[in-house]
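Values quoted throughout were computed directly from the atomic coordinates according to the rules given, and no laboratory measurement underlies them. None of the values given here were measured: they were computed from a predicted structure. Heads up, the Cβs are rebuilt from the backbone with ideal geometry, glycines too, and the neighbour counts pull from every protein chain shown.
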Amino acid sequence: MTANDRQAEAVVTPPVPPAAEQDRVETEGARADRPSALARVLDTGVGRNLGLVAVLVVLCVIGVSTADTFATTSNLLTILTSASIIGVITVGVTVVIIGGGIDLSVGKVMALASVWATTVATQSYGPAVMVFCALAVGAGCGLVNGVLIAYGRIVPFIVTLAMLISAQGLAERISGKRSQIVTDPTIAAIATTRVLGIPLLVYIFAAVVAVGWVLLNRTTFGRRTFAIGGNPEAARLAGLHVRRHTVLLYVISGLCAGIAAIMIASLTTTGSSTHGTLYELDAIAAVIIGGTLLTGGRGTLIGSILGVLVFTTITNLFILNNLATEVQNIAKGLIIVAAVLFQSRARRADT
Amino acid sequence: MPDLPEPVRSLGRRGFLAGAVAVGAGAALAACTSNTPPPAAAPAPAGGNTAAAPAAPGRPVTIGFSAPAADHGWIAAIAANAQAEAAKYPDVTYAPVNPTNDITQQIAAIDTLINQKVDALVILPNDGSQLTSQGTKAMQAGIPVVNLDRIFDSPLAYRTWIGGDNYGMGVSAGNYIGTQLKQRNVANPIIGEIAGIDSLPLTQERSRGFKDALATYGFSVGPRQAADFTAQGGQRVTANLLQAAPRLDAVWNHDDDQGIGVLAAIQQAGRSEFFMVGGAGSANAMRAIQADNTVLKATVTYPPTMAGSAVALARLIAQGRGMSDLVEQEVPASITLASATVTKENVAQYLPLGFES
């Protein structure tokens with residue numbers, strides 16, 4: 001992954017000359033590899049996320065020393081399972097933020113998709129239709145977001161905030177504000193199925209991360225995303241279809257929310273309008289402590305995932321030690337600040 | 001800056017196909033929003049005491065009703081119960097105002113009802129303290145107020161208060177767990193507690209009752225975590241709590257709505273060495289107790305049927321009548337409901353009162 005993170009970053013660091021042709025933008029990365037071997041080593045994904053890795057290690061040390069059950073396989077799998085849903089959402093949010101946007105609607109789009117997929121009518125058609133419904137609702141909401149942002153020229157913050165509110169309303173409307181129990185055995189089994197001792201949800205999480213990583217780092221699509229996030233005007237002048245690309249980014253984010261909807265419906269055995277409350281902030285917090293710039297054009301998916309793992313591990317750690325919720329929240333706030341401080345120090349030391 | 005048009009692509013066939021897919025997907029999705037259960041499973045209307053026939057009709061009265069918007073099953077059941085009870089009386093005109101979670105909107109809604117000069121008001125405030133002045137205002141305008149559940153700060157703000165007993169709920173749960181563990185001769189049991197939102201007074205009351213009741217058996221609460229009254233929060237907290245406690249003897253979960261997630265987490269972890277008590281009394285929880293195939297063995301009620309009782313009380317007060325089985329000529333000023341313990345033995349009796357979460 002390291003080489004490609006480097007490429008990705010290189011696309012945006014030098015301001016792209018206005019007259020650059022499209023393929024010049026897309027191959028910029030290859031040339032940027034040259035400057036210095038030392039910088040290359042330090043500027044790898046792991047290097048840049050050193051702060052987060054350190055925080056995670058510290059958390060694990062605290063875990064092992066304060067709770068006997070921390071280092072057990074079943075506890076580690078619990079952490080990964082807890083991380084899987086917010087993790088899938090975070091993949092979509094990372095892609096959007098790298099592309100220079102923001103998506104506040106993910107949590108409630110997930111809620112809407114989970115509700116839509118678990119109505120009595122949908123469940124009567126079987127699991128395939130339920131999955132289709134969740135994915136289509138997610139992607140559809142993303143499409144609306146994307147079109148309004150790219151072609152309607154409204155600020156992403158406003159569009160996705162409006163989507164958050166209306167998706168919440170629609171979810172309440174459809175569900176009648178009740179929790180819709182998943183009666184379909186196939187969907188319910190997703191959360192209980194284990195393959196080689198690892199829950200299926202963790203595989204889904206891993207698969208989404210892998211696809212997202214390949215998309216961002218190994219494809220033209222990914223290079224264009226970094227280019228557009230870094231300098232949309234230059235990207236447009238270079239001949240990239242900025243608006244069409246922006247729409248796609250939001251569709252990806254919506255699709256991730258749709259996947260997460262099926263996962264949460266299975267994990268909680270319900271579809272509910274209360275799902276995903278404040279997930280957008282959790283996801284954005286994870287993306288930011290993962291080192292992705294809020295302004296776009298620079299960031300790593302791996303950092304975001306590390307961020308998610310840090311948050312889930314904190315929750316686990318506090319429950320293992322039977323600490324009250326308010327203490328957890330105080331500590332979470334402190335750890336966010338500490339991680340970002342540590343991160344920026346580590347990065348400054350690198351350069 | 002001029003907005004240069006993007007190169008026009010051959011939209012023809014691709015655009016048509018994409019459009020067709022979108023329309024098809026839209027149509028399929030629209031067909032999926034129905035929540036009407038198939039006819040075989042008759043929809044269970046929330047609550048309603050079917051046994052009691054309404055008392056003799058009195059003079060016609062209009063009863064105003066204001067409650068928070070339903071964001072979970074219990075509040076939804078409150079509105080449904082009030083409506084169902086009012087429909088039973090031919091002499092009652094039921095005037096509900098649009099439910100809202102916004103304090104200022106609820107204040108405005110109550111003002112509207114006062115201006116309409118309804119004969120009695122049933123109010124479940126979003127926040128008792130913040131709506132006390134509205135209750136006082138209605139009382140001063142000569143409209144008796146039945147304060148439902150969340151209590152106003154001043155007795156001047158209501159004619160009668162009726163509500164559940166959060167402390168009593170904790171006591172009922174504690175007593176059930178204590179008795180069961182004593183019967184099984186468990187020494188030093190590990191008792192878990194999954195609370196609702198810790199910052200709410202009702203959660204603190206429930207936990208205090210639970211702790212006090214367990215103390216009479218010489219037991220104490222072990223691992224305790226607060227979720228957030230949602231299935232998602234219940235699942236997350238429970239999955240982690242089960243890791244913290246490799247062995248448990250009993251668990252009390254404050255709320256059956258979040259209990260859906262709690263049960264899911266327990267099943268996903270494959271744990272069954274303990275028994276669980278729920279809270280509030282949802283129909284789902286009662287069906288699980290009846291089926292007796294999960295760790296959920298009992299639930300302690302916090303019945304939303306109180307909304308029906310509140311409407312009935314408002315009717316009696318407006319008509320100037322007392323409660324027929326009491327000697328007094330007036331409706332009492334305060335009624336605290338008892339928290340019943342629903343187990344497999346008596347679940348059939350309570351199931352019609354359970355609310356759909």
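Of A:K177/B:K88; B:K211/B:K344; B:K88/B:K117; A:K108/B:K117; B:K211/B:K297; B:K182/B:K344, which pairs sit farther than 29 Å apart, going by alpha carbon to alpha carbon? Over 29 Å Cα-Cα: A:K108/B:K117.
With the biggest extent put first, the Cα atoms of chain B measure 85, 62, 50 Å across the principal axes.
Ordering B:H72, A:H275 from the fewest to the most neighbouring beta carbons within 10 Å gives B:H72, A:H275. For region B:170-178, putting each phi into the Karplus relation 6.51 cos²θ - 1.76 cosθ + 1.60 with θ = phi - 60° gives couplings of x, 5, 4, 5, x, 5, 4, 5, x Hz, in residue order, rounded to whole numbers and with x for Gly and Pro. Bridge orientation summary for chain B: considering DSSP beta bridges with both residues in this region, about 10 percent are antiparallel. Normalised by the number of residues in region B:190-319, the average gap of Cα pairs under 8 Å and 6 or more apart makes the relative contact order 22 percent. For the protein assembly as shown, the fraction of alpha-carbon pairs lying more than 33 Å apart is 55 percent, rounded to a whole number. Enter the Cα centre distance for the pair region A:67-104 and region B:174-210, rounded to the nearest angstrom. Between the Cα centre of region A:67-104 and that of region B:174-210, the gap is 32 Å. Counted by neighbouring Cβ atoms within 10 Å, the residues A:Y279, A:Y151 run from fewest to most as A:Y151, A:Y279. Note on chain B: with a GNM built from Cα contacts shorter than 10 Å, the maximum mean-square fluctuation among B:T33, B:T301, B:T100 falls on B:T33.
Taken one residue at a time, the phi angles of region A:292-303 give Karplus couplings (6.51, -1.76, 1.60, θ = phi - 60°) of 7, 6, 5, 7, x, x, 8, x, 10, 5, 4, x Hz. Gly and Pro are set to x. For the residues of A:163-175, the average number of beta carbons from a partner chain within 10 Å of their own beta carbon is 1. Can you bin region B:166-301 into rounded, prolate or oblate? Criterion: square roots of the alpha carbon gyration tensor eigenvalues sorted a ≥ b ≥ c, rounded for a/c under 1.5, prolate for a/b above b/c, oblate for the rest. Rounded shape, in that the Cα axes give a/c under 1.5. When B:F275, B:F219 are arranged by Cβ crowding within 10 Å, least crowded first, meaning fewest neighbours, the order is B:F275, B:F219. Taking every DSSP bridge with both residues inside the protein assembly as shown, close to 15 percent are antiparallel. For chain B, averaging the sequence separation of C-alpha pairs within contact (under 8 Å, six or more residues apart) and dividing by the residue count gives a relative contact order of 19 percent.
Comparing B:A291, B:A109, B:A283 in a Gaussian network model of chain B, where Cα atoms under 10 Å apart are tied by springs, the biggest mean-square fluctuation is seen for B:A291. Between B:D292 and B:N185, full extension at 0.36 nm per residue minus the direct alpha carbon distance yields a gain of 36.3 nm.
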